[in-house]
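Nothing in this text is a laboratory measurement; each read-out follows from the coordinates by a stated rule. The structure displayed is predicted, hence computed values, not measured ones. So basically every Cβ, Gly included, is an ideal-geometry build from the backbone, and we count neighbours across all protein chains shown.
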Amino acid sequence: MAASNTERGAGALAPPLLRRLAALLLFGVGAVHLYEYVLDHYHVIPIIGVLFAANVVISVVLGLALAAPPESLRLLGSSPVVRSLPLVGRAPHALVALAGIAFLLGTLVGLVISEQATFFGFHEYGYRTTVWLALGLESAAIVVLAAFVVLETRLRP
Amino acid sequence: MAGCAFATNSRHPGRQRLSTATVPRLGRIVVDDKGRTLYLFAVDPPNRSTCFGACASVWPPATTQGRPGASGGVQPAMLTTLARTDGPRQLVYAGHPLYYYQADTGPGDTHGQGIVQFGASWFAITPQGQIQATGSAHGGVQH
C-alpha cells in the first residue's frame, strides 16, 4: 500500500516537471528564432521575417502559460467550451500543451520544407548549428508536451 | 515596386541571363533577367564565395543552370560561374560572385546597396565590373 502511494506520488510529480521542462524548451525555440530574426537578419525576408517574429511571440506566450500555476488558468478551465472537451477540458494545461504541439509541428514542417525545397519562395541554405538547435528543441518539446498530455489526462479521470 | 512579396529563390534558377538597368541614385547596374538588382560581397576573394549558411539565406547566390547569357551592357567576357557546395553554379561578373538581397522584392529595388551585413559591405555592380559606390540604401555608402 505504501509502495503504491509512493508510486502514485512520484507519478503525480511527473506532469508538473514535464510542463516546466516543456516551457523551458519553448523559450529555447523562441530564443533561436529571435537570434535568427535579429542577428542573422531574417527580419528582412518577406513573409518569413513576420513568421519568425510570430514564432518568438507564440513560443513565449505558450511557455508562460505552461509555466504558470494551475490556478492562473482557472479562467480558461471555467470556459464552458473548454470544459465540454473530453479529458483535456478538465486540464487547461493539457489544452495549452496541445496548442503547443500543433504550433511546434507547424514550425518543424516549415523548417524542413525550406531546407528541402522552398517555403513562401524562401530556401534555407544548409543544416547549420542554429538549424540543428531549432530542430532539436522543437522535437524535444513535442515529445515532452505529448508525454505531459498523456500523463495529465490519465491522472484526471 | 512591382513584383511579388515572396522571398528570392535561387535553388531552381533555370538558365540565367544578365542585363543592365538604370536605377535611381545608382545609375546603370547589372541586373538579372527579371530586372532584380545583383550585388557583390566586398570581402569575397576573386572568383570565390565566402557567403554560406545564414548569409546565403539572406543574400541568396544568383545562380544558373546552364551557360549564362548576356544582354544590354553586360560584357559576356566578364561573365563566368563558380561551383557551390549548396546549390547550382553561382554567377560571377568580373571576378565578383553575385547575390540577390531578400529585402528586394522587385525590379529597381536596391535596399542592399552599401549596407553592412555578415561582416562586410554589399554593393551593386556596374556593367564595367566595378563596385557601384555612388549610393546607399541608408543615405551613404558604409565601409
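A few points about this structure:
- Residue, nearest to the other protein chains (Cβ to nearest Cβ), within region B:59-79, restricted to residues that are over 19 Å from B:Gly14 (Cβ atoms) and touching a strand residue (DSSP E or B) at 6+ places or on another chain (Cβ under 7 Å): B:Trp59
- Per the listing A:Glu138, A:Glu115, A:Glu152, the residue uniquely among the charged types (D, E, K, R) and either within 14 Å of chain B (Cβ to nearest Cβ) or surrounded by fewer than 17 Cβ atoms within 10 Å (Cβ to Cβ) (or both) is A:Glu115.
- Residues of region B:11-58 classified as more than 14 Å from chain A (Cβ to nearest Cβ), surrounded by 18 or more Cβ atoms within 10 Å (Cβ to Cβ), touching a Gly at 6+ places or on another chain (Cβ under 6 Å) and farther than 15 Å from B:Pro127 by Cβ, total: 0
- Of all the residues in region B:53-73, those that are free of Cβ contacts under 8 Å to residues at least 60 places away in the same chain and either in a strand (DSSP E or B) or within 15 Å of the chain's Cα centre (by Cα) (or both) number 10.
- Filter result for B:Gly129 (away from chain A (no Cβ under 13 Å), under 23 Å from B:Arg15 (Cα atoms) and either assigned to a helix (DSSP H, G or I) or among the small types (Gly, Ala, Ser) (or both)): yes
- The residue of region B:99-124 that is nearest to the other protein chains (Cβ to nearest Cβ), among those that are out of contact with any helix residue (DSSP H, G or I) (no Cβ under 9 Å at 6 or more places or on another chain), in a loop (DSSP other than H, G, I, E, B) and without any contact (Cβ under 8 Å) to a residue 60 or more places away in the chain, is B:Ile115.
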